[in-house]
Amino acid sequence: MSLVAEVEAAFAAEGLLSRAAEQYREREGQTRMALAVAQTIEQGGALVVEAGTGVGKTFSYLVPALLSGERLLLSTATKALQDQLFGRDLPRLVESLGLPMRTALLKGRGSYLCLHRLELARHDTGHEPMAARALAKVERWAQGTRTGDLAELPGLDERSPLIPLITSTRENCLGAQCPQFKPCHVNLARREALAADVVVINHHLFFADLAVRESGMAELLPSVRVVVFDEAHQLNEIGVQFLGLQLGTGQVLDLAHDLLAAGLQHARGLADWQQAAAGLERAARDLRLVVGQQWPGTKLRWAGPGPEGVPHAEWQRGLEALEQAAEVALEALATCSEMAPDFVRLHERATRLAERAQRMAAPCAHDAVRWVDVGTQLRLVESPLDIAEAMRTRVLRTGQAPADDEAPHAGRHDAAQGQAPAARPRAWIFTSATLGDEPALRWFTEPCGLQDAQVLRVASPFDYPRQAALYVPRVFPRPSDAAHGREVAVLAAQGAARLGGRTLVLTTTLRALRTIADAMRARLQAAGAELELLVQGELPKRVLMDRFRTGAEPGQRGCVLVASASFWEGFDAPGDALQLVVIDKLPFPPPGDPLVEARTQRLEAQGRSGFADFSIPEAAVALKQGAGRLIRRETDRGLLVVCDTRLLQMGYGKRLLAALPPMRWLESADDFAAALASLAEGGAQADF
């Protein structure tokens with residue numbers, strides 16, 4: 001039986017999949033996607049699939065990939081999605097399909113406990129009492145963990161200052177010279193990945209390895225025949241982070257600290273470690289001072305010898321001083337590089353620092369853009385405009401999988417059919433719920449170098465006109481008006497009070513987040529509403545999501561969540577937990593962002609419209625992602641409010657509205673109030 005036929009049978013009403021998923025029912029869209037994936041696996045090549053919310057895309061790619069018997073690499077957008085895929089979806093399917101397959105989870109080294117750095121932290125007596133207690137908790141956990149994955153450690157805040165003390169980086173890892181090299185959790189994870197049939201990674205790890213060949217992917221990818229990128233809409237933005245060049249003053253200060261510590265511990269008196277470290281610190285501090293006071297989060301364009309508004313001569317002198325300080329450190333390290341593994345890695349770090357400072361002092365590459373991120377420290381960035389070239393030349397061109405007699409995991413369909421060993425084209429699957437706003441999905445395929453890929457769009461099976469309604473206030477302050485944020489807060493607070501919480505407010509900027517959150521807090525308190533206002537940044541993301549979901553449970557205080565950035569996607573609150581999503585403005589890309597400007601200018605140089613071909617598609621995809629938080633199951637009911645009159649007044653509004661799910665339209669404030677009342681009274685059974 002061919003793979004396509006086997007997959008079709010698995011997705012039938014009484015097929016294998018019915019044993020893997022509770023209340024499974026056959027879905028035309030899910031089966032159509034699965035058959036397209038199966039065909040791509042059999043023939044090789046690239047498949048791009050936009051699968052609307054509710055299609056069940058995870059099973060659509062997992063079932064054919066697992067049934068093929070091929071070695072499989074799965075990449076997700078975040079570590080949280082990795083954990084869900086590895087801990088829930090994969091085990092359930094592998095067991096239900098009766099497949100003897102080994103699975104492995106592989107993350108970046110920053111996700112694993114470093115035993116050597118834990119030992120160093122244990123002997124550091126300078127910890128605050130709270131940090132000392134947290135460290136003791138980590139030590140107790142370290143004695144029993146097998147994987148060392150910090151996601152297993154309950155209560156550890158991802159923002160904890162303890163994490164850098166107990167994890168390694170590419171810069172400070174001692175490699176084979178480390179006294180804990182044999183039991184190292186990172187190395188264990190890599191060994192398990194190399195021996196597994198199915199490996200789950202994330203996009204950050206994939207591109208980090210593509211840039212520096214450091215994570216073990218260089219050995220893994222050649223033996224894999226099927227590669228799946230889930231949540232693929234994030235590929236381009238994640239990829240450009242790693243494929244460019246970055247230099248941060250924080251990195252320089254870390255090098256100075258580690259240089260001084262290692263020098264005084266292992267080679268006191270052999271070099272002037274104080275002077276070398278002080279030189280690095282001074283160079284970093286002086287470069288930061290050249291930029292002067294800036295609004296935190298500012299991105300300074302850098303098209304010429306220096307960033308805009310910064311004296312170019314002083315900037316160049318600062319970069320030269322940074323390079324010279326690195327050279328002084330290298331001279332000190334050269335005297336004792338063989339004395340301890342620490343010095344070998346410090347020498348590599350100082351060498352990279354000198355090279356990057358020299359590169360940043362030279363003109364920017366013609367196909368890249370430069371800018372400076374300004375905060376307490378500086379981050380100098382030179383980035384490609386997209387990942388298309390890297391994908392074409394460094395990823396997709398590795399399209400031949402090993403012959404069956406060479407591959408450690410030969411495809412069982414080929415073996416069963418008696419095919420002769422041969423190099424077979426690799427299958428690449430790219431999928432997400434949101435990949436563009438037009439049939440060819442050019443928003444995704446062009447920057448990812450996938451113009452030649454097969455494209456499939458599978459609509460959501462949800463009955464949006466029955467399950468959801470859209471309201472755009474016809475009379476509302478313009479997004480640029482000072483009163484806009486306050487009015488968003490008024491509308492959201494009224495809706496939340498009527499629903500007893502169950503409200504998510506998505507903002508396009510952090511400044512708007514603070515304005516709306518403060519106004520909502522004041523209004524809810526004045527009204528005496530017994531609601532809990534959750535605000536992004538005040539608690540860890542995981543805590544915010546868990547608390548919000550429990551807000552709809554009996555006996556719990558209802559919750560309102562005001563959030564931005566990462567909450568526009570990847571936040572799942574099905575059922576009655578979320579019934580109202582309020583979006584403050586149309587999510588156009590920030591016009592002052594240097595990368596946005598460079599991409600727009602490139603399009604205009606090609607005779608295209610930067611606004612129509614870049615800004616509108618970007619806004620459409622982001623709007624679809626935000627709206628996608630509302631309806632997650634066939635039984636969900638909810639209201640979407642977009643507080644931006646441009647959606648009704650501007651010509652491009654029709655294109656953005658067309659990108660949204662086909663929700664029922666609410667014409668007036670009275671219609672909105674009636675829909676709220678219906679939700680409040682009927683919940684998931686509300687009749688719109």
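Read the figures in this text as sums done on the coordinates, not as results from a lab. All figures in this text were calculated on a predicted structure; none of them were measured in a lab. For neighbour counting, all protein chains shown are included, and Cβ atoms are generated from backbone atoms with ideal geometry for every residue, glycine included.
In nm, what is the difference between 0.36 nm times the number of residues separating residue 268 and residue 146 and their Cα-Cα distance? Kindly include the intermediate steps, with their values, before the conclusion.
Working: separation 122, 0.36 × 122 = 43.92 nm, distance 3.75 nm.
Residue separation times 0.36 nm, minus the Cα-Cα distance, leaves 40.2 nm.
Only one item in (1) 25.2, 72; (2) 26.8, 80; (3) 25.6, 87 matches Rg and Dmax of the Cα atoms in Å derived from the coordinates shown, and that item is (2). Could you list, in their original order, any pairs among 299/541; 57/585; 585/624; 57/79 whose Cα atoms are separated by more than 22 Å? In this structure, 299/541; 57/585 lie more than 22 Å apart at Cα. For the pair residue 566 and residue 211, a Förster radius of 25 Å applied to the C-beta separation gives a FRET efficiency near 0.65, rounded to the nearest 0.05. Per-residue ellipticity at 222 nm from helix content only, as computed over the chain with -39500 (n - 2.57) for each DSSP H run of at least four residues, stands at -13000 deg cm²/dmol. Membrane-span-like helices in the chain, defined purely by DSSP H runs whose alpha carbon atoms cover 18 Å or more axially and whose average Kyte-Doolittle hydropathy reaches 0.5, are 669-682. Placing a pseudo-label 7 Å from each Cα along the Cα-to-Cβ vector at residue 191 and residue 394 gives an inter-label distance of 2.9 nm. What is the list of residues in the stretch 368-383 whose amide nitrogen lies under 16 Å from a point 7 angstrom out from the Cα of residue 314, following Cα to Cβ? From the stretch 368-383, the list is 378.
Assuming 0.36 nm per residue, please report the length gained on full extension of the stretch residue 289 to residue 451 beyond their Cα-Cα distance.
53.8 nm
Extending 7 Å from the Cα toward the beta-carbon at both residue 275 and residue 609 defines two label points whose distance is 6.4 nm. Partner aspartates and glutamates whose Cα lies under 17 Å from the Cα of residue 137, excluding those fewer than 8 positions away in the same chain, are identified as 119, 124, 128, 149, 152, 157, 158.
Starting from 0.36 nm per residue, how many nanometres of slack lie between residue 160 and residue 130 once their C-alpha separation is accounted for? Mind dumping the intermediate values first?
On the way: separation 30, 0.36 × 30 = 10.80 nm, distance 1.10 nm.
Value of the extension gain: 9.7 nm.
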